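Reading through the structure tokens given below for one structure.
Each reported figure results from applying straightforward, stated rules to the coordinates on display, with no laboratory input. Everything numeric here is computed off the predicted structure, so don't read it as measured data. Methodologically, a virtual Cβ is constructed for each residue, glycine included, from the backbone with ideal geometry; neighbour enumeration extends over all protein chains shown.
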Amino acid sequence: MKAHVIGFRAGRSVTVMALPEGHFIEVVGDDSQDDSLVLPPGAELMRMELSEPWVVSLPNPTRTFFWFEQGIRSFQGPVELPGG
């Protein structure tokens, strides 16, 4: 079994890709080219401002979305959002 745990500090902004099957968090890259990403059908990007640290355990197996056109970008999940 493989486990992936990712931590985000309080005060950070995190990009989340919302899909009908759940929420996927940014893992690689930054948001500077997010406006040019061709997203999967039904997906939208949203920003979350974290008021507290957030530790995320990715599911096993995790579903991953990658883009390489304007630099690398990836989102993984689905995950439960803080407060959800």
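Convex hull volume of the C-alpha atoms in the chain, normalised per residue: 98 Å³.
Stretching the chain fully between Val5 and Val28 yields a gain of 6.9 nm (0.36 nm per residue, less the alpha carbon separation).
Peptide packing for 28-40, 66-78 was compared via the average number of neighbouring C-beta atoms within 10 Å per residue; ordered from the highest value, the list is 66-78, 28-40.
For the chain, a simple Cβ point-charge model (Lys and Arg +1, Asp and Glu -1, everything else neutral) yields a dipole of about 320 debye relative to the Cα centre.
Multiplying the residue separation of Glu44 and Ser13 by 0.36 nm and subtracting their alpha-carbon distance yields 9.5 nm. Relative contact order, whole percent, for the stretch 4-79 stands at 44, derived from Cα pairs under 8 Å and 6 or more residues apart.
What residue among Leu39, Val16, Leu58 has its Cα farthest toward the positive end of the dipole of the chain, where the charges are +1 on Lys, Arg and -1 on Asp, Glu, each on the Cβ? Final value for the positive-end residue is Leu58.
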